[in-house]
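Notes to accompany the following structure.
The values are calculated or read from the model by the stated rules, or taken from the named source; none is laboratory data. These numbers come from a predicted model, not from an experiment. Here the Cβ positions follow ideal geometry from the backbone for every residue, glycine too, while neighbour counts run over all protein chains shown. Heavy atoms of the whole protein, side chains included, go into the accessibility calculation; ligands, DNA and RNA do not. Shrake-Rupley method; radii C 1.70, N 1.55, O 1.52, S 1.80 Å.
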Amino acid sequence: MNAAAEDGTLTAEVARKLYMAAIEKEILEQYHFPQTCGKDGYYRIYVRDMTKKSGRKQLSARTLPELKQKVLDWEKGTVTKAKRTFRDAFEMAMEDKLSHCTNPQKRLSVQNTIGRTRSEYRRFFGDTAFEQMLVDEITKRNVEDIILSNLKKYSLRQKGFASLHSVLRVTFSFAYHEEWIEKNVYDRIDFGRYRDMLADDVAISDRTHSEEDIGKMLSYLHQRQEKRPSYVPAYALEFQILTGFRRGEIPPLRWSDIRDGLIYVHREQVTVKAFAGKAEHDEIVDHTKTRKNRYFPVSSELQELLDRLQGMHDRFYPQSEYLFPADSRLGCITNNTVYQFYRRMCGKLGVAVSRAFTKGTHAFRRTRITEVANKSRGDLLMTAGLFGNSPEVIMKNYYSGIDLESAREVLEKSSVKAG
């Protein structure tokens, strides 16, 4: 340590690690570890536990190093409980979240969520002094300063700002749960005071496609289907326009999911991001994004598409169980295939696709949900049931308030007549 200080290489991070190593050494020296294991092959030792009448608790492990690590982990709640940086606490919170998901299929979605959260962490806290601060030393002022720093650095809308304080909430909540901090500083932050510093949200009408654009797209898709009848993405994209299904809900659809004039939506194709050394890949899971299975009525317009699709299917893919088959590992098209086709189509038609407005294929879902909510005069329960969202999400992200044409009719009927 002295040598490092002399040549100027002792950074704050190195000093912290040296300090932690010294603390751990001091803890272990307080215990007399067994030199041999028991007859069952386990090493054992007692640690202090004042929650028990005996005042102690037995720990066991297969190896001596493992036993020492267990002692250190146990002592985290006393001597070392506060010696965690914000970055340490965040990473351990992510690991804890994954460890509590044992369902293999749900675990894939959790991995993706963790990946997105880590991306947001890097955006807002990566390479800052804040992430190197010890969690028990972070004050309300420190948190407010990092918030202000990000608001000056980025033009954040409500959704982006929610991601920022979500990272703070998860990290401090975990640190509080682990007893590394005595008070949760996150609970003392008034996030509402930053409302006027946020960029205005894009209007729902600007994040949906116009009737004119939808008409052009459908004409283009029909032409593609005629010229190249075996090209599956053209049918899948038309299906998405008509139904407003989530992009991942379309590839796993099977003919057996359609019965009695209803489509049973209960599976999703998930693009599993690279994780723990495994490359990005697609998987089909037996649940939707919100874990809400649902039935979607087949309209006459949708039935006409399904009839055309069935004819194409019988001709080119008679052995496939999927509505939208492909020569792939899963046997169906991928999310990305449809999205890339959508981008090419918009380019040829001159339809604006703005990254700032997030007008990707999800715009079809937003368009369809908004239409149904408005045409049903704000029946959010029915709309939520059809599309697999909660009424609150529909209200916040899709419903534009009122159907102006219906409002015009009401005003005409209730207009005041001159004497």
Neighbour cut-off at most 10 other Cβ (10 Å), DSSP loop, GluC sites (Glu not before Pro), the stretch 148-211: Glu182
The stretch 123-249 - convex hull of alpha carbons, volume per residue in Å³: 179
Shape category assigned to the stretch 282-326 from the gyration tensor of Cα positions, a/c cut at 1.5: oblate
Distance histogram for the stretch 71-159 (every C-alpha pair counted, 10 angstrom bins, percent rounded to whole numbers): 14, 36, 33, 15, 1
Of Val167, Pro104, Thr139, farthest towards positive along the dipole that unit charges on Lys, Arg, Asp, Glu beta carbons give the stretch 91-167: Pro104
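Given the Cα-Cα distance of Leu330 and His281 and 0.36 nm per residue of separation, how much length would full extension add, in nm?
Stretched fully, the Leu330-His281 segment lengthens by 16.6 nm.
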Theoretical FRET efficiency, 1/(1+(r/R0)^6), r = Cβ-Cβ of Glu321 and Gln158, R0 45 Å, to 0.05: 0.60
Distance between modelled label sites at Ser299 and Arg141, nm, 7 Å Cα→Cβ extension: 5.9
For Glu268, residues with placed amide H under 5 Å, excluding near neighbours: Val285, His287
Surface per residue (accessible, 1.4 Å probe) for the stretch 97-187, Å²: 55
The stretch 163-233 versus the stretch 280-356: alpha-carbon centroid distance in Å: 22
Distant alpha-carbon pairs in the stretch 179-259 (separation over 21 angstrom), percent: 59
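What is the percent carbon and sulfur in the accessible area of the stretch 256-373, measuring with a 1.4 Å probe over the protein chains and ignoring ligands? List each step's numbers first, then the result.
On the way: 3070 of 6230 Å².
Carbon plus sulfur share of accessible area: 49 percent.
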